[in-house]
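Okay, structure first, notes after.
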Amino acid sequence: MLAILQKLEQKRAAAKLGGGQKRIDAQHSKGKLTARERIEVLLDEGSFEEVDMYVEHNCTDFGIDAEHIPGDGVVTGSGTINGRLVFVFSQDFTVFGGALSERHAQKICKIQDMALKVGAPVIGLNDSGGARIQEGVASLAGYAEVFQRNVLASGVVPQISLIMGPCAGGAVYSPAMTDFIFMVKDSSYMFVTGPEVVKTVTNEVVTQEELGGAVTHTTKSSVADLAFENDIEALLSTRDFFDFLPLSNREHGPTRPTNDPWDRNDASLDTLIPDNANKPYDMHELIRKVVDEADFFEVQPNHAGNIIIGFGRVEGRTVGIVANQPMVLAGCLDINSSKKAARFVRFCDAFDIPIITFVDVPGFLPGTAQEHNGIIKHGAKLLFAYAEATVPKITVITRKAYGGAYDVMSSKHLRGDFNYAWPTAEIAVMGAKGAVEIIFRKEAGNAEALAARTKEYEDRFANPFVAASKGFIDEVIMPHSTRRRIALGLRKLRNKQLENPWKKHDNIPL
Ligand code: HXC
């Protein structure tokens, strides 16, 4: 018996060594952790239970049958993050470069299926040379099996992808279909075709980092949500992030005890809005002063900064925050900010996370670049997302809410539950100057008359009371009481029930 047990230990030890010490050292020399080390950092100590440790590939072509490494390039299983269940796969670059074989894919699919069955998130740690070249179409089939499960799991369990090494070719499409993508600077990249192919086809000379590194994808393309300095930072931040999410669409989000009083007034908010309506202020300040302990986990901070999205908590419960940022493009809605916020709103709605919207928006960004690139269709995404969302929705207009953007930003008309305005709110079709130039065009040469008309328009609309008189604003609130109002609203909405008409699925403008 003892001999058998010893044999098991030996087998386990061999599997844990992956592609061997030399390749482990090579991994470390690139500043990367190994697949198992990453899991250790990500999960609660000792909580990881591995499955399929002894799975091997079944390929006999191109001499690969001479080498069988237990686990076949991916470590899979489940564990906990702060006590809550999560399924994990972690590709092992030391084994055939983490390349995906049929069996490797089957291992990932097994934990995806299990996660879906029991209702727990999946976190994928990607570090792979892509399709296992020796296996050909069997490997492509494996990818498609993973993709299919990504889609079935979408909106049922949260899916998070960490890119911690190469991720190229069709392999990028599994992360692309998950909810959030985090990358590591200088050691991870994602592209459909690499620099060599790009050079051959388009004559462009570009590095891997420029083409598909963490900075590129978190600033320009918005494929990824966050860029971290190294593996450890990425993994520890994922733990923090995980704490905001429910395990599945069947459960409420976790509640974290807090000492932050729900009715905490913040007098400094009464002076947040500058006297000059064209002067910006940092919307982050309001967000941090409203959420518990100023703890705000921002997503996509470096892309489309004119809108802020992220998670916070109120009375210990997760809320999704969407806020116009007057410091960037005056807080205008444009193509990128609409897409960024729309996807976030849909995530919150899918996972029963209430949405708090802070509004200071002068409208949609004008220009041929916006129009020709489809602001109509992309702006409609955000409008659509808010309109279909049935989760609790609380809106606070701090200053401008002009034009179509007023409608879009979780207005009463899109089933906003509690729509508040600060006394500094200006709710109008457009700013006074622009409005007067159009409706009093005949008086164009008369500066004095125009100034009087502008003042008249401002007096009428540069306040929240016209909207409030029509019931479009539920209450004009003191800025310092914003947290208290939101907390009370969320309490009242805890048992909110609202259903959209039955349909197979909607047809959001993609
Ligand atoms: C099999 C692979 C492999 C692959 C790497 N290896 N990629 N084995 N299939 N796709 C092996 C290498 O042979 C090597 O084995 C080990 O992994 C480490 O690779 P290195 O090249 O030494 O590492 P490095 O210099 O860091 O370069 C990493 C790399 C490079 C940039 C990823 O290996 C590479 O370009 N690989 C090919 C990438 C690729 O074209 N994949 C197919 C993409 S198409 P030894 O034994 O020497 O340690 C695709 C289609 C998916 O993925 C479609 C889904 C729909």
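What to note about this one:
- Taking the inverse of the mean 1/r over every pair of distinct Cα atoms in segment 429-510 gives a Kirkwood hydrodynamic radius of 17.2 Å.
- Pair-distance profile P(r), taking every C-alpha pair of segment 126-235, with 5 angstrom steps and integer %: 2, 13, 21, 22, 19, 15, 6, 1, 0
- Convex hull of segment 216-276 built on C-alpha atoms - directionally averaged projected area, nm²: 8.7 nm²
- Cα pair distances of the chain binned at 20 Å [whole percent]: 21, 48, 24, 6, 0, 0
- One Cα centroid belongs to segment 68-100, the other to segment 180-247; the line between them spans 20 Å.
- Secondary-structure-derived ellipticity at 222 nm for the chain, considering helices only, amounts to -11000 deg cm²/dmol, per-run term -39500 (n - 2.57) for DSSP H runs with n ≥ 4.
- Computed from the C-beta positions of residue 369 and residue 429, the FRET efficiency with R₀ = 30 Å rounds to 0.80.
- Taking Lys and Arg as +1 and Asp and Glu as -1, the other residues whose beta-carbon sits under 13 Å from that of residue 437 total +3.
- Estimated translational diffusion coefficient (Stokes-Einstein, Kirkwood radius over Cα pairs, 10 °C, 1.306 mPa s) of segment 94-156: 131 µm² per second.
- Relative to the dominant Cα principal axis of the chain, helix 482-492 is inclined by about 70°.
- Cα-based shape type of segment 217-365, given that a ≥ b ≥ c are square roots of the gyration tensor eigenvalues and the cut on a/c is 1.5: oblate
- For segment 1-92, trypsin sites (Lys or Arg not before Pro) are listed when DSSP marks them as loop and at most 16 other Cβ atoms sit within 10 Å of their Cβ; the list is 30.
- Segment residue 448..residue 3, full-extension length gain: 150.2 nm, with 0.36 nm per residue of separation and the alpha-carbon distance subtracted.
- Förster radius 45 Å - calculated FRET efficiency between residue 249 and residue 277, Cβ distance, rounded to 0.05: 0.60
- Using the Cβ-Cβ distance between residue 475 and residue 500 with R0 set to 22 Å, the FRET efficiency from 1/(1 + (r/R0)^6) comes to roughly 0.25.
- Shape of segment 280-415, Cα gyration tensor, a/c cut at 1.5: prolate
- In this structure segment 244-334 gives 42 Å² per residue of accessible area when probed at 1.4 Å with all protein chains present.
- Cα shape, segment 340-465, gyration tensor, a/c 1.5 rule: oblate
- If the Kirkwood radius is taken over C-alpha pairs of segment 34-150, then at 37 °C and 0.692 mPa s the Stokes-Einstein diffusion coefficient equals 231 µm²/s.
- Taking only protein heavy atoms and a 1.4 Å probe, the accessible area of the chain is 55% carbon and sulfur.
- For the chain, the longest principal axis of the C-alpha atoms and the axis of helix 102-118 are separated by about 50°.
- Most tightly packed first, judged by the mean number of other beta-carbon atoms within 10 Å of their residues, the peptides 419-425, 433-439, 111-117 read 419-425, 111-117, 433-439.
- Across segment 292-367, Cα-Cα pairs more than 21 Å apart make up 24 percent of the total.
The values are calculated or read from the model by the stated rules, or taken from the named source; none is laboratory data. Keep in mind the model is a prediction, meaning the values are calculated, not measured. Using ideal geometry, Cβ is built from the backbone for each residue, glycine included, and neighbour counts are taken over all protein chains shown. Just so you know, the surface numbers come from the protein's heavy atoms only, side chains and all, with ligands and any DNA or RNA stripped out. Shrake-Rupley method; radii C 1.70, N 1.55, O 1.52, S 1.80 Å.
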